[in-house]
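*Asks:* Below you will find the structure I want to go over with you.
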């Protein structure tokens, strides 16, 4: 990571790969203490156009050392952008945007989507703006905000509810920081209910920031308490299949939470 930062400050645009997000901890100081502060500490004289690609997340029997979600650890750091796309076309567009960005970008790729998700990818060069969410499914009765692997499961759950006569809007966050406040708030003001789903631990997670933002800016538009459906607050994901399944959120639980909020 230190080598990549030096290359970036000398005018190159390196892409550093951390094989698994679980191994990123020794590089924390370089990312947070150096890369994220380069523009600020130099009064804009230097930038750090660095992309850090790393696979994260569970569901592949990776146990304690290959299942971690790290987004909340870095989310607190101004100067660092974080993206977590989950569709092939979004991955290409956001990776191009990350490479062209003048500041460091942490590019999270959920391991389970590598082989389980397929989709069309436009040819040629294109970018997707960092900080712009995408409404993957429109709806009127409930807003669901998610990112990474769980977006795909949330869409499946929303389709189940549609078959039952309910209308659920699913937003793929894509960019964790900066976050698309406008898209989230517009949706919540329309549906008046919000469910946040993410794999990372619940306490202090991305969902807490989304919830706080909606309460601060759209509290009187809500018809139900905001609900977070997240990973349990345990130190790590176990290797045993029963422990992994207990940590990961099945589509059936997502559909159940959606039904509860729609009916509230």
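The values are calculated or read from the model by the stated rules, or taken from the named source; none is laboratory data. Small disclaimer: the values here were computed from a predicted structure and weren't measured. When we count neighbours, we look across all protein chains shown, and the Cβ atoms used for this are built from the backbone with ideal geometry, even at glycine.
*Asks:* Among 3, 15, which is touching a strand residue (DSSP E or B) at 6+ places or on another chain (Cβ under 9 Å) and within 21 Å of residue 178 (Cα to Cα)?
*Replies:* 15
*Asks:* Would you pick out the residues in segment 36-60 that are touching a strand residue (DSSP E or B) at 6+ places or on another chain (Cβ under 9 Å) and under 28 Å from residue 235 (Cα atoms)?
*Replies:* Of everything in segment 36-60, those that are touching a strand residue (DSSP E or B) at 6+ places or on another chain (Cβ under 9 Å) and under 28 Å from residue 235 (Cα atoms) turn out to be 51, 52, 53, 54, 55, 56, 57, 58, 59.
*Asks:* For segment 145-154, enumerate the residues that are surrounded by 24 or more Cβ atoms within 10 Å (Cβ to Cβ) and under 13 Å from the mean Cα position of the chain (by Cα).
*Replies:* 145, 146, 147, 148, 149, 150, 151
*Asks:* Is it true that residue 238 is outside any helix (DSSP H, G or I) and not assigned by TED's automatic domain parsing to the domain that holds residue 70?
*Replies:* yes
*Asks:* Are there any pairs with C-beta distances below 6 angstrom linking a residue in segment 100-121 that is within 30 Å of residue 40 (Cα to Cα) to a residue that is at pLDDT below 95 and in a loop (DSSP other than H, G, I, E, B), with the two at least 6 apart or on different chains, and if so which?
*Replies:* These pairs meet every condition: 102/47.
*Asks:* A further question follows. Residue by residue through segment 164-200, note down the ones that are within 16 Å of residue 108 (Cβ to Cβ) and surrounded by fewer than 19 Cβ atoms within 10 Å (Cβ to Cβ).
*Replies:* Residue satisfying the conditions is 178 alone.
*Asks:* To continue, here is another question. For segment 132-162: of the residues being without any contact (Cβ under 8 Å) to a residue 40 or more places away in the chain and in a helix (DSSP H, G or I), which is nearest to residue 113 (Cα to Cα)?
*Replies:* 155
*Asks:* Moving on to the next point. Which members of segment 120-135 meet the condition of being at negative phi and in contact with a strand residue (DSSP E or B) (Cβ under 6 Å, 6 or more places away or on another chain)?
*Replies:* Residues of segment 120-135 that are at negative phi, as a first pass: 120-123, 125-130, 132-135.
Answer for segment 120-135, where residues must be at negative phi and in contact with a strand residue (DSSP E or B) (Cβ under 6 Å, 6 or more places away or on another chain): 130, 133, 134, 135.
*Asks:* Please go through segment 21-35 and give me each residue that is free of Cβ contacts under 8 Å to residues at least 60 places away in the same chain and touching a strand residue (DSSP E or B) at 6+ places or on another chain (Cβ under 9 Å), ordered by number.
*Replies:* Hits for segment 21-35 are 22, 23, 24, 27.
*Asks:* Among 234, 214, which is more than 21 Å from residue 152 (Cα to Cα) and crowded, with 19+ Cβ neighbours inside 10 Å? Steps first, please.
*Replies:* Working: 234 fails: crowded, with 19+ Cβ neighbours inside 10 Å.
From the options 234, 214, the qualifying one is 214.
*Asks:* Of the residues 190, 202, which single one is more than 25 Å from residue 78 (Cα to Cα) and touching a residue at least 24 places away in the same chain (Cβ under 8 Å)?
*Replies:* Result: 190 is the single residue among 190, 202 that is more than 25 Å from residue 78 (Cα to Cα) and touching a residue at least 24 places away in the same chain (Cβ under 8 Å).
*Asks:* Got a sec? Which helices (runs of 4 or more DSSP H) wholly within segment 1-119 have at least 3 residues that are under 14 Å from the mean Cα position of the chain (by Cα) and at negative phi?
*Replies:* 71-74, 88-100
*Asks:* Here is a list: 212, 208. Which entry is in the same structural domain as residue 138 (by TED's automatic domain parsing), over 27 Å from residue 88 (Cα atoms), modelled with pLDDT of 95 or more and under 16 Å from the mean Cα position of the chain (by Cα)?
*Replies:* None of the other options fit; the residue is 208.
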